[in-house]
1. When you check residue 227 against the structure, is it surrounded by fewer than 18 Cβ atoms within 10 Å (Cβ to Cβ), under 27 Å from residue 29 (Cβ atoms) and among the hydrophobic types (A, V, I, L, M, F, W, C), yes or no?
2. Consider residue 208 against the criteria (1) more than 26 Å from residue 130 (Cβ to Cβ); (2) open to solvent by 20 Å² or more (accessible area, probe 1.4 Å): it satisfies all of them except one. Which criterion is unmet?
3. Restricting to segment 330-369, and then to whatever is open to solvent by 80 Å² or more (accessible area, probe 1.4 Å) and outside any strand (DSSP E or B), can you tell me which residue is farthest from residue 395 (Cα to Cα)?
4. Scan segment 286-299 and report the pairs whose first residue is in contact (Cβ under 8 Å) with a residue 24 or more places away in the chain and under 10 Å from residue 398 (Cβ atoms) and whose second residue is surrounded by fewer than 16 Cβ atoms within 10 Å (Cβ to Cβ) and aliphatic (A, V, I, L, M), with Cβ atoms within less than 7 Å and a gap of 6+ or a chain change.
5. Of everything in segment 151-174, what is assigned to a strand (DSSP E or B), over 20 Å from residue 19 (Cα atoms) and of a type outside the set (S, T, N, Q)? Give them in sequence order.
6. So residue 377 passes all but one of these: (1) among the small types (Gly, Ala, Ser); (2) modelled with pLDDT of 95 or more; (3) assigned to a loop (DSSP other than H, G, I, E, B). Which condition number does it fail?
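The values are calculated or read from the model by the stated rules, or taken from the named source; none is laboratory data. Just so it is clear, the model here is predicted, and its values are computed rather than measured. Cβ sites come from the backbone with ideal geometry, for glycine too, and all protein chains shown count toward neighbours. Please note that ligands, DNA and RNA were not included when accessible areas were found on the heavy atoms of the full protein model with its side chains. Shrake-Rupley method; radii C 1.70, N 1.55, O 1.52, S 1.80 Å.
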Amino acid sequence: MLFVLCAGVNAFAQNIEQIYMKSGSVVEGYIAEQNPGKYLIVQTTKATIVANSDSLRNKITERISVENLPPEWKEWAEENNKYIDNAGVKQLELVTLEFKNSVYSKVFILEKGSLVKFIDLSPNRYTFKWGDMYRTVKSERPDNLFSGLKEVVVLADGSTVDGQIIEQFPGKDLKIVTDKNEVLSYKFDQVKQINTEKLNPKMDLWPQVQLLDKISVKGEDSDLVGFISSRTLGKELVIEFENGNKRTIPQNQILSYAKIPNENYIAVYDKVIKEGEILLDGKPAYFVPLKTVGQYLVLDSIVSAQNTVGDTIYVEANLGGANVPVTLVKAHVENVAFANGKRKWEIPCPVITYQDLVQSHVEIKKEATPLGNLKVSFVVKEVGDYVLYMQGKEEYIVINVIEKNKQ
């Protein structure tokens with residue numbers, strides 16, 4: 001039987017693991033504490049538990065209206081069509097189960113009988129016996145996440161494999177997704193060492209460590225808090241501290257491990273953009289030619305995009321760096337003289353001038369992304385046409401801005 005302690009710690013999505021138990025239970029979260037060979041404690045975001053009904057002593061059922069449900073239950077009930085219609089009010093039936101040695105509050109029963117299976121979406125800590133664990137599966141790092149840690153598996157023959165360990169059968173096998181997106185499996189007796197390194201070489205290590213390691217060592221009054229940077233299987237590990245010091249600890253001197261969320265972790269997301277590619281609000285930007293008439297650059301009816309007043313526009317580009325000069329100009333209307341042979345006439349047209357491109361005062365935010373891409377953003381505050389010029393491009397990004405109720 002499992003023992004549950006409520007906890008409010010938020011498990012970081014990039015460290016989420018699915019821990020499969022021999023009983024059929026599956027918990028999602030991170031291993032907050034473990035004593036190899038004895039027990040492990042999992043800080044969960046979701047748990048699907050299978051338990052024997054023999055020790056069930058009491059069951060309290062309540063129906064909770066949708067407006068009083070936590071967001072995670074609302075989403076789950078909607079996706080799985082579990083709401084009950086009570087006189088036009090949507091409700092979800094949750095149950096509190098009291099077993100001999102544990103209580104599970106407000107869970108949803110999935111199966112009944114000699115075994116009871118239920119789902120718990122509340123943040124909780126579950127304690128398991130070490131031998132109950134079957135395998136662990138770790139969520140792959142999102143493609144657009146560029147901070148965190150990666151593993152380097154050192155094999156017995158001295159070769160190395162870089163990537164992310166995504167699956168383990170404790171003491172038997174592990175599976176790693178390599179930096180080349182290959183999936184490779186190894187038996188533990190093939191693995192000599194597992195090193196952990198920062199994912200983004202442009203960032204310091206500590207903001208990339210999502211969960212700090214806390215180690216209890218035999219004969220020492222206080223725990224060690226740092227980052228396990230290396231494990232030599234069956235022998236020792238190396239813990240690194242924020243001040244840069246390191247310490248090697250023999251495996252047989254370690255009493256337990258724990259994980260602590262790092263408040264200084266920074267999740268850095270970015271977009272992989274092809275060389276020379278320019279995106280407007282996430283889509284390939286369409287560049288518009290402007291006709292030169294005298295001192296004016298005349299806008300046509302063709303635009304790159306249409307937006308409404310108050311919108312924020314984003315332009316992202318891979319141009320070999322973030323130092324490319326960029327100018328945003330709001331077009332104004334001028335009488336432009338056109339000629340056809342001897343005949344001349346003036347037409348009011350939206351235009352900009354080369355002087356506008358030099359002296360524009362329309363505010364833009366320009367920054368370098370973690371991958372070194374150029375990112376430009378600006379808010380369109382007035383109706384009209386806006387022209388974005390990027391040095392090196394012969395054409396322009398033209399954005400037509402209208403009132404919201406006219407879109």
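1. Numbers: surrounded by fewer than 18 Cβ atoms within 10 Å (Cβ to Cβ): no; under 27 Å from residue 29 (Cβ atoms): yes; among the hydrophobic types (A, V, I, L, M, F, W, C): yes.
Here the answer is no, as residue 227 does not meet what is asked.
2. So the condition that residue 208 fails would be (2).
3. Looking only at segment 330-369, we keep the residues that are open to solvent by 80 Å² or more (accessible area, probe 1.4 Å), and these are 333, 335, 340, 342-346, 348, 354-355, 358-359, 361, 363, 365-366.
If we keep only those that are outside any strand (DSSP E or B) too, we end up with 342, 354-355, 358-359, 361, 363.
Numbers: 342: 30, 354: 13, 355: 17, 358: 16, 359: 19, 361: 20, 363: 21 Å.
Applying the filter and picking the extreme gives 342.
4. If the second residue must be surrounded by fewer than 16 Cβ atoms within 10 Å (Cβ to Cβ) and aliphatic (A, V, I, L, M), the pairs left are 288/302.
5. First pass over segment 151-174, keeping only residues assigned to a strand (DSSP E or B): 151-155, 160-169, 173-174.
Narrowing the set further to residues that are over 20 Å from residue 19 (Cα atoms) leaves 152-155, 160-163.
Within segment 151-174, 152, 153, 154, 155, 161, 162, 163 meet the criteria.
6. (3)
Every residue, every condition in (1) over 24 Å from the mean Cα position of the chain (by Cα); (2) at negative phi; (3) assigned to a loop (DSSP other than H, G, I, E, B); (4) not hydrophobic (A, V, I, L, M, F, W, C), yes or no:
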position: 202; (1), (2), (3), (4): no, yes, yes, yes
position: 221; (1), (2), (3), (4): yes, yes, yes, yes
position: 225; (1), (2), (3), (4): yes, yes, no, no
position: 228; (1), (2), (3), (4): no, yes, no, no
position: 239; (1), (2), (3), (4): yes, yes, no, no
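Yes or no, residue by residue, for (1) open to solvent by 30 Å² or more (accessible area, probe 1.4 Å); (2) more than 26 Å from residue 349 (Cβ to Cβ):
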{"residue": "284", "(1), (2)": "yes, yes"}
{"residue": "288", "(1), (2)": "no, no"}
{"residue": "294", "(1), (2)": "yes, no"}
{"residue": "303", "(1), (2)": "yes, no"}
{"residue": "307", "(1), (2)": "no, no"}
{"residue": "315", "(1), (2)": "no, no"}
{"residue": "318", "(1), (2)": "yes, yes"}
{"residue": "323", "(1), (2)": "yes, yes"}
